[in-house]
1. Pick from Ser29, Ser41: which is at pLDDT 80 or above and loosely packed, with under 10 Cβ neighbours inside 10 Å?
Amino acid sequence: MAKTVTRTSKSGGSAKKPKAARNPAKAPSTAVARRGSDDSSMGDALLKLLQSPFVADLLAVAATAALAALAEHGFSNSGTGGKRAGRAVKEAGKAAAAAIGRRLGNEFDEIRSATKAAKDAVAK
């Protein structure tokens, strides 16, 4: 005769096997040991990027667009300008983001056209 199957858990699945204990005295793997030096080089790369003229130019474009959007809304000394000022700041942020997007798009288009021209010159 066949034995009846008894379930040990209520969910119907198999019982979990105990996991092997980790040895805390074990030396860190090489990937973890290398990550510390990679973090510092990534930080240096980020600083170089932030100090690049391209990023400074993008920030200048964004600031100019934001300032223009704020000037369009105008400011007065009246007491009811709270909602209007908040709306103006929101519009200024949108204008800055749009200006950065346009500038990045222009830069990518210039890179694509230069790459295409270089490929065409090599193909001839």
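The values are calculated or read from the model by the stated rules, or taken from the named source; none is laboratory data. Here the structure is a predicted model, which means the values were calculated and not measured. As a convention, Cβ positions derive from the backbone with ideal geometry for all residues, glycine included, and neighbour counts pool all protein chains shown.
1. Numbers: Ser29 fails: at pLDDT 80 or above.
The match here is Ser41.
Listed here are the residues, each with its yes/no results for (1) surrounded by 13 or more Cβ atoms within 10 Å (Cβ to Cβ); (2) modelled with pLDDT of 90 or more; (3) part of a loop (DSSP other than H, G, I, E, B).
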residue: Leu46; (1), (2), (3): no, no, no
residue: Ala56; (1), (2), (3): no, yes, no
residue: Thr64; (1), (2), (3): yes, yes, no
residue: Phe75; (1), (2), (3): no, no, yes
residue: Gly79; (1), (2), (3): no, no, yes
residue: Ala88; (1), (2), (3): yes, no, no
residue: Ala96; (1), (2), (3): yes, yes, no
residue: Gly105; (1), (2), (3): no, yes, no
residue: Ser113; (1), (2), (3): no, yes, no
